[in-house]
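Reading through the structure tokens given below for one structure.
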């Protein structure tokens, strides 16, 4: 069974998609830190700082991107 992007866009809410993207990016950056180069840890730090700033400002760049891709709240 092939599942299309439109299926996930309809089934997954905006905030669930945001948590999915943040989790995948964090795990990816940690894998790159372990297997490629230690300086990839700064990508993890960037993700963490972005999550912290979004809690204070109520604005997250990824939310804007996901909304343009068609995800609904």
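The values are calculated or read from the model by the stated rules, or taken from the named source; none is laboratory data. None of these values were measured; they are calculated from a predicted model. Note: ideal-geometry Cβ built from the backbone for every residue, glycine included; neighbour counts use all protein chains shown.
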Number of the exception - residue 70 against (1) in contact with a helix residue (DSSP H, G or I) (Cβ under 6 Å, 6 or more places away or on another chain); (2) at pLDDT below 95; (3) at negative phi; (4) surrounded by 10 or more Cβ atoms within 10 Å (Cβ to Cβ): (3)
Residue list for segment 12-53, filter: in a helix (DSSP H, G or I) and in contact (Cβ under 8 Å) with a residue 24 or more places away in the chain: 14, 15, 17, 18, 21, 22, 47, 51
Residues within segment 2-45 that are over 24 Å from residue 73 (Cβ atoms) and either modelled with pLDDT of 95 or more or touching a helix residue (DSSP H, G or I) at 6+ places or on another chain (Cβ under 8 Å) (or both), tallied: 19
Restricting segment 54-67 to residues that are surrounded by 15 or more Cβ atoms within 10 Å (Cβ to Cβ) and part of a helix (DSSP H, G or I), the residue that is nearest to the chain's Cα centre (by Cα): 62
